[in-house]
Amino acid sequence: MKSYEFHPHTADVRLLVKADTPEELFKVSLDGMAQLLKKDLCKQTDKFEEKENVKIKSADSTTLLIDFLSEVLTQSQINKAVYCNVDFKNLSENFLECTIYGKRVDKFDEDIKAVTYHEAEIKKEGGVLQTNIIFDI
């Protein structure tokens with residue numbers, strides 16, 4: 001079971017993410033951010049022009065998730081692309097190594113300024129991992 005829902009938040013967008021595994025949680029979070037950047041782009045394509053290798057070390061899994069999304073957002077801005085897919089080579093509690101795949105765009109639907117640590121905490125409830133992610137827009 002993997003999903004995400006957008007929730008209202010003052011001057012920001014809150015994303016509630018749920019997944020069965022850490023890998024799914026990262027992928028669904030990436031999906032949600034991509035949906036904000038360019039609605040339905042990732043559903044329309046399976047060919048990607050952009051490819052970036054990413055390595056991140058963080059204090060814990062929650063920080064790792066936010067750092068990952070922040071790095072993807074940075075690459076989105078640099079390359080004017082929306083990253084739709086990720087292939088993990090290594091994903092642990094505090095380290096990830098992956099390749100992200102994206103599609104170039106002329107403009108973004110939403111300008112995300114930052115991925116914040118506010119309210120982010122990966123918890124396991126009823127066997128499902130979940131967290132809130134707040135995007136500063």
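Taken together, the values in this text are just the output of simple stated rules run on the coordinates, not laboratory data. This structure is a prediction, so every number in the text was calculated from the model and none was measured. Don't worry about glycine lacking a Cβ; one is built from the backbone with ideal geometry, like all the others, and counts go over all protein chains shown.
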(Q) I'd like the trypsin sites (Lys or Arg not before Pro) in region 22-120 restricted to DSSP loop residues with at most 16 other Cβ atoms within 10 Å, sorted by number. (A) 39, 47, 80, 107, 113
Q: For region 3-136, give the magnitude of the charge dipole about the Cα centre (Cβ charges: +1 Lys/Arg, -1 Asp/Glu; no others), in debye to the nearest 20.
A: 300
**Q.** Cysteines, the chain, no other Cys beta-carbon under 4.7 Å
**A.** 98
Q: Return the single residue from 127, 102, 32 with maximal mean-square fluctuation; model: Gaussian network over the chain, springs between Cα atoms under 10 Å.
A: 127
Q) By how many nm would the segment from residue 119 to residue 45 lengthen if fully extended, with 0.36 nm per residue of separation less the alpha-carbon distance? A) 23.4 nm
Q.
Based only on Cα atoms, what mean projected area does the convex hull of region 1-67 have, in nm²?
A. 5.9
(Q) With the crude spin-label approximation of a point 7 Å out along Cα→Cβ, what separation in nm comes out for residue 111 versus residue 57? (A) 3.6
Q.
For the chain, place one equal point scatterer on every Cα, skip the solvent, and apply the Debye formula. What is log10 of I(q)/I(0) at q = 0.18 Å⁻¹?
A. -0.99
Q. What FRET efficiency do you get for residue 11 and residue 87 if R0 is 30 Å and r is their Cβ-Cβ distance, rounded to the nearest 0.05?
A. 0.30
